[in-house]
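The values are calculated or read from the model by the stated rules, or taken from the named source; none is laboratory data. If you're wondering where the values come from, they're calculated on a predicted model, not measured in any experiment. Glycine also receives a Cβ, built like all others from the backbone with ideal geometry; neighbour counts cover every protein chain displayed.
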Amino acid sequence: MLCLSLPSIPYLSTDLCLRKLFSILVLLLLISFSLPFSSSATTDDQIQKVVKFLDAQDYQEAIKFLHDLQGSVANPAQLDNLLAVAYLGHGYQLLASADLTASGEAFQEGRRYNDEDIRLWQGEAMVRLKQGRYAEAVSLLDQAIGVNSQNASIYHLLGQAYYADGRMAEAVDALTEAISLGGGDEVDKLLQKVQREWQVEQDMGQESRGHFLLSFVDGKQVAELAPRILEILEDAYTELGSELAYFPDIKVPVLLYLKKDFSAVTNSPDWAGGVYDGKIRLPLRGMYRMSDQLAAVLYHEYMHVLVHFMAGRRSPVWLNEGLAEMAGRRLYSPPIHHLQLAVQRDDVLGWDTLAKPFSSLPDDKVLLAYEQSYSLVSFMVDRYGWHKIPELLESIGKRKPWQDAIADVYQDYGLDWPAILREWQASLSL
């Protein structure tokens, strides 16, 4: 049973936010300078130096300089707005580099100096969303609304947080409010998506355990299967987390659909046996008892969750699916006939092709894509060790191109991407 990892929900991309922030930040800083500073030429020169740091987006240096300056001005509170903006810029820079812990701390520190700047609340909420801490994101955004209840972008982000947390009715309300405040096509598109899914999901039963919230089409057989599904997922959390040394503090929504509803919600190809798009989605397809195949799908999908939180959307698909196949095949491992035939015919798929979503492949190449990805990733783990995989995912998550990340991570072995491919290809002929 094949599974598909789809693009994540929109809040996980910070590029647009960063571009917008940096393009207007200097203007905002100039507005901040209307505060009455001590009237000395020395202080004026120092403030202009801060402006240069901020204009150059050297926020760390601006923060250090401003803290030093606090001891030499008559009223240190006069610097608060500047410090808040400096921490704001620094927080977004750290968010862009996937240093989530430091980013959250920067936004929190910024609020010490100006807790009425909703961008600081919004920035930390984006961090919590990236960490899968959806309830915390909701709390932060609720507080931002208390500061400014007329901001469409806050309601948009709040709708995304509710949606990620499986709170569909609240998501609809927040997104509807965002539209009433001037939210554009992007908000409307998300609202329609949430409404379509909610129409299917609102009559589902629910059961929660540990790190997973399971929603399912109500029925005695599925209700009896639900506890076993949650048990297997918790096993995956422990086992795969141990392999990658990563145990995210999250609550993952898992949804079991009728086949027709699965197709309508995910718009995935017929061969997809599961989807992860921020939520694990599975078609029932007559599955009313636990089997090795179903357990393998659950492990497969949870590996996608780990890759998502460790590398974001930047992992090449072959690495993402190869790791997921490794996870699932420890429970159910059919032969890799398609790869064997492709090797015999010298007809393996190109890796640039496999770096992109498999949904773009012809149906008769999909099984080969999964087997080939599994073969390479399994080779890398067997030959060079599991410990290199977390390093690789984290490097990719910090925006390093995946070929460069491979070269950096495997340099201890004297290897780069072409060299690893050569060794893998040589292993196929053994």
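Only residues that are under 22 Å from Gly132 (Cβ atoms) and of a type in the set (Gly, Ala, Ser) were counted across the range 160-186, and they come to 6. Of note, Leu233 does not satisfy the criterion of being in a strand (DSSP E or B), outside the structural domain of Asp363 (by TED's automatic domain parsing) and touching a helix residue (DSSP H, G or I) at 6+ places or on another chain (Cβ under 8 Å).
Rundown of residues vs (1) over 26 Å from Asn151 (Cβ atoms); (2) surrounded by fewer than 19 Cβ atoms within 10 Å (Cβ to Cβ); (3) free of Cβ contacts under 8 Å to residues at least 24 places away in the same chain, yes/no style:
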{"site": "Glu61", "(1), (2), (3)": "yes, yes, yes"}
{"site": "Gly71", "(1), (2), (3)": "yes, yes, yes"}
{"site": "Asn75", "(1), (2), (3)": "yes, yes, no"}
{"site": "Tyr113", "(1), (2), (3)": "no, no, no"}
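Among residues of the range 392-414 that are under 19 Å from Leu323 (Cα atoms), those with a Cβ under 7 angstrom from a residue that is basic (Lys, Arg), sequence gap 6+ or separate chain, pair up as Ile396/Arg314; Gly397/Arg314; Val409/Lys388; Tyr410/Lys388.
Test Ala178 against the criterion of being buried (at least 22 other Cβ atoms within 10 Å of the Cβ) and more than 27 Å from Met310 (Cα to Cα), and give yes or no.
So Ala178 passes the test.
Of everything listed in (1) more than 24 Å from the chain's Cα centre (by Cα); (2) surrounded by fewer than 18 Cβ atoms within 10 Å (Cβ to Cβ); (3) touching a residue at least 12 places away in the same chain (Cβ under 8 Å), the single unmet condition for Ala419 is (3).
Cβ-Cβ contacts under 7 Å between residues 6 or more apart (or on different chains), taken from a first residue in the range 358-385 that is farther than 16 Å from Leu341 by Cβ to a second residue that is hydroxyl-bearing (Ser, Thr, Tyr) and part of a helix (DSSP H, G or I), are listed as Phe379/Ser427; Tyr384/Tyr413.
One residue alone among Ala236, Ala311, Ala264, Ala295 is within 23 Å of Leu190 (Cβ to Cβ) and either out of contact with any Ser or Thr (no Cβ under 8 Å at 6 or more places or on another chain) or among the hydrophobic types (A, V, I, L, M, F, W, C) (or both), and that residue is Ala264. Going residue by residue through the range 373-381, is there one that turns out to be in a helix (DSSP H, G or I) and in contact with a Pro (Cβ under 8 Å, 6 or more places away or on another chain)? Looking for residues that are in a helix (DSSP H, G or I) and in contact with a Pro (Cβ under 8 Å, 6 or more places away or on another chain), one finds none in the range 373-381, hence no. All conditions in (1) assigned by TED's automatic domain parsing to the domain that holds Leu294; (2) in contact with a strand residue (DSSP E or B) (Cβ under 7 Å, 6 or more places away or on another chain) hold for Gly166, with the sole exception of (1). Pairs linking a residue in the range 311-328 that is under 18 Å from Glu394 (Cβ atoms) and at pLDDT below 95 to a residue that is surrounded by fewer than 24 Cβ atoms within 10 Å (Cβ to Cβ) and among the charged types (D, E, K, R), with Cβ atoms under 7 Å and 6 or more positions apart or on different chains, are Arg314/Arg399. Scanning the range 78-85 for residues that are exposed (fewer than 13 other Cβ atoms within 10 Å of the Cβ) and at pLDDT below 90 turns up nothing. Checked against the criterion of being farther than 30 Å from Lys398 by Cα and either assigned by TED's automatic domain parsing to the domain that holds Gly322 or polar (S, T, N, Q) (or both), the range 218-228 contains one or more residues that satisfy it. Residues in the range 276-330 that are over 15 Å from the mean Cα position of the chain (by Cα) and of a type in the set (Val, Ile, Thr): Val297 only.
Within this structure, Lys365 fails the test of being under 22 Å from Gly328 (Cβ atoms) and outside any helix (DSSP H, G or I). In this structure, Ala405 does satisfy being assigned by TED's automatic domain parsing to the domain that holds Leu339, within 13 Å of Ala311 (Cα to Cα), at pLDDT 95 or above and out of contact with any strand residue (DSSP E or B) (no Cβ under 7 Å at 6 or more places or on another chain).
Gln403 falls short of the stated requirement of being outside any loop (DSSP other than H, G, I, E, B) and buried (at least 20 other Cβ atoms within 10 Å of the Cβ).
I need a count of the residues in the range 383-400 that are closer than 20 Å to Ser427 by Cβ and part of a helix (DSSP H, G or I). Selection size over the range 383-400: 5.
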